[in-house]
Amino acid sequence: MEHVENLISILLNSVFVGNILLAYFLGMCSFLAVSKNLRTATGLGLAVTFVLTITAPANWLVYHLLLAPGALAWAGLPEVNLNFLRLVLFIAVIAGMVQVVELVIDRFSPALYNNLGVFLPLITVNCAILGASLFMVEREYTFTETVVYGFGSGVGWMLAIVAMATVLQKLRYADVPEGLQGFGINMIVTGLMAMAFMIFSGIVL
Amino acid sequence: MKLSRSKTYKAISAALWQSNPISKQILGICSALAVTVQLQTAIVMGLALTLVVAFSNLIIALLRDLIPRNIRIIAEVAIIATLVILADELLKAFLFDISKQLSVFVGLIITNCIVMGRAETYAMSHGPYDSFVDGIANGVGYSSILIGVAFVRELLGSGKLLGFQVVPDVFYSAGYENMGLMVLAPGAFIAIGLFVWLEHTLLKD
């Protein structure tokens, strides 16, 4: 049972308190660019969740079978440490996975492809994806924990961007001081939202 | 020729003020905020990014006639990733404590839109010298915002600058308290929002 509780706690933590966008500032570029419209924000959020859930475990496998110190023992090379190649390989895995996901969705669900298609290439350069893979290594998650963490981070990112899109729709009718319009007010709204998400930090399972 | 008319001067002033990568073009915020709790980490991060942009611009400008157009993105990512790994290993070797604090954010320079953006829009169409200067100028423009935000956050959040206490003990005994919000994530969003507001108002002319 303890195992399940641990997984639930990782899930809640990655969605709320340790929200990858609001607490670690990852994925800001596309967050600011795409949050103007609720429909596109939801689409991108779904695509990010999908790709994160796949790439984090994929990078876990790459890390533990190829890169970690002593990981090449199965190939008879226990001394080799390829850890310095981590960044390049992770980026390559992400770019490759995004491409494969795009092809698979196009083949099996054209409707979904029409909704997500435009966003998929954008995701390769979304720092949330690479960030989650790097955090997964740093925090020494197991494989199942990584799956849960990837999924939770995606859901957290999606929650944040959807909430932001709705706030910005309301904000159109507000009287914002001239110098603060655009980027300035977006940052302050995000800050207030980050505060709201931090309320959950008191929860201990 | 007057200094203020030279091409180099124009490139530098544009990157610092008129089109500052963070406050005007909204690029590269991903890593900008997480490292600004302390002045020291912000300075090191700014330095690392400046070096990566400058040298990636230089190398790409030198190779721009050799890189086939179709695969230029992959070539650019490979060059940038190599430089980032170099920067990461150098930090680990010489500034181990700071590199621990920066954790994954040095690695995330790869997906920082500034580096990619300058490579794509400037270095691919300009000579090596101009590109190098442009890289330095954009790196410094990025660092200036980073250091400004870090200055405010460290001063208000913990009463210190570069780790030295600057708020005198008399203030504390008179009832002054550090602003806890500034140390947390929302503080970064709000600080940068106000910072941009100030800059827009001052530069409006």
### Query
Before we move on, is B:LEU146 more than 18 Å from the chain's Cα centre (by Cα) and touching a residue at least 12 places away in the same chain (Cβ under 8 Å)?
no
### Task
Just name the residue that is nearest to A:ILE199 (Cα to Cα) out of those in region B:195-205 that are within 11 Å of chain A (Cβ to nearest Cβ) and open to solvent by 80 Å² or more (accessible area, probe 1.4 Å).
B:TRP197
### Query
Can you tell me which residue in region A:144-162 is least open to solvent (accessible area, probe 1.4 Å), limited to those that are touching a helix residue (DSSP H, G or I) at 6+ places or on another chain (Cβ under 6 Å), away from chain B (no Cβ under 13 Å) and among the hydrophobic types (A, V, I, L, M, F, W, C)?
A:ILE161
## Note on the structure
Residue pairs qualifying under the 8 Å Cβ cut-off, at least six apart or on distinct chains, with the first in region A:121-134 being more than 7 Å from chain B (Cβ to nearest Cβ) and more than 16 Å from A:THR49 (Cβ to Cβ) and the second being modelled with pLDDT under 85 and part of a helix (DSSP H, G or I), are A:PRO121/A:VAL98; A:PRO121/A:GLU102
### Query
Does B:PHE132 qualify as being under 15 Å from B:VAL37 (Cα atoms), aromatic (Phe, Trp, Tyr) and more than 12 Å from chain A (Cβ to nearest Cβ)?
no
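With region B:1-82 as the region, which helices (runs of 4 or more DSSP H) entirely inside it contain at least 3 residues that are at pLDDT 85 or above and among the hydroxyl-bearing types (Ser, Thr, Tyr)?
On the way: elements: B:7-13, B:29-34, B:39-63.
Filter on region B:1-82 gives B:39-63.
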### Task
Can you confirm whether region B:175-187 contains a residue that is assigned to a loop (DSSP other than H, G, I, E, B) and within 14 Å of another protein chain (Cβ to nearest Cβ)?
yes
### Task
Test B:TYR142 against the criterion of being under 19 Å from B:ALA34 (Cβ atoms) and either of a type in the set (Ser, Thr, Tyr) or in a loop (DSSP other than H, G, I, E, B) (or both), and give yes or no.
yes
### Message
Given the criteria more than 12 Å from chain A (Cβ to nearest Cβ) and either in contact (Cβ under 8 Å) with a residue 40 or more places away in the chain or surrounded by fewer than 18 Cβ atoms within 10 Å (Cβ to Cβ) (or both), does B:LEU86 qualify?
### Response
no
### Query
Out of the residues in region B:136-180 that are of a type in the set (D, E, K, R) and over 28 Å from B:ILE114 (Cα atoms), which is least open to solvent (accessible area, probe 1.4 Å)?
B:LYS160
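If I ask for residues that are β-branched (Val, Ile, Thr) and without any contact (Cβ under 8 Å) to a residue 12 or more places away in the chain, which ones from region A:1-39 would you list? Before the answer, list the steps.
Initial filter on region A:1-39 (β-branched (Val, Ile, Thr)): A:4, A:8, A:10, A:15, A:17, A:20, A:34.
Within region A:1-39, A:VAL4 is the sole residue that qualifies.
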### Query
Is it the case that some residue within region A:164-179 is surrounded by fewer than 21 Cβ atoms within 10 Å (Cβ to Cβ), under 19 Å from A:LEU46 (Cβ atoms) and among the charged types (D, E, K, R)?
no
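Can you find a residue that is facing another protein chain (nearest Cβ under 8 Å) and either farther than 25 Å from A:ILE10 by Cα or open to solvent by 30 Å² or more (accessible area, probe 1.4 Å) (or both) anywhere in region A:99-110? I'd like the intermediate steps shown before the answer.
Just the residues of region A:99-110 that are facing another protein chain (nearest Cβ under 8 Å), to begin with: none.
The answer is no; no qualifying residue exists.
Per-residue answers, yes or no, for (1) open to solvent by less than 50 Å² (accessible area, probe 1.4 Å); (2) closer than 30 Å to B:LEU83 by Cα; (3) assigned to a helix (DSSP H, G or I):
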{"position": "A:ASN13", "(1), (2), (3)": "no, no, yes"}
{"position": "A:ASN19", "(1), (2), (3)": "yes, yes, no"}
{"position": "A:TYR24", "(1), (2), (3)": "no, yes, no"}
{"position": "A:GLY45", "(1), (2), (3)": "yes, no, yes"}
{"position": "A:ILE54", "(1), (2), (3)": "no, yes, yes"}
{"position": "A:PRO57", "(1), (2), (3)": "yes, yes, yes"}
{"position": "A:PRO69", "(1), (2), (3)": "no, yes, no"}
{"position": "A:LEU72", "(1), (2), (3)": "yes, yes, yes"}
{"position": "A:PRO78", "(1), (2), (3)": "no, yes, no"}
### Summary
Of the conditions (1) open to solvent by less than 60 Å² (accessible area, probe 1.4 Å); (2) away from chain B (no Cβ under 14 Å), the single one that A:LEU82 does not satisfy is (2)
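The values are calculated or read from the model by the stated rules, or taken from the named source; none is laboratory data. All values reported here derive from a predicted model rather than from experimental measurement. Here the Cβ is made from the backbone with ideal geometry for all residues, glycine too, and neighbour counts use every protein chain on show. Note: accessible area is taken over every heavy atom of the protein model, side chains too, but ligands, DNA and RNA are not part of it. Shrake-Rupley method; radii C 1.70, N 1.55, O 1.52, S 1.80 Å.
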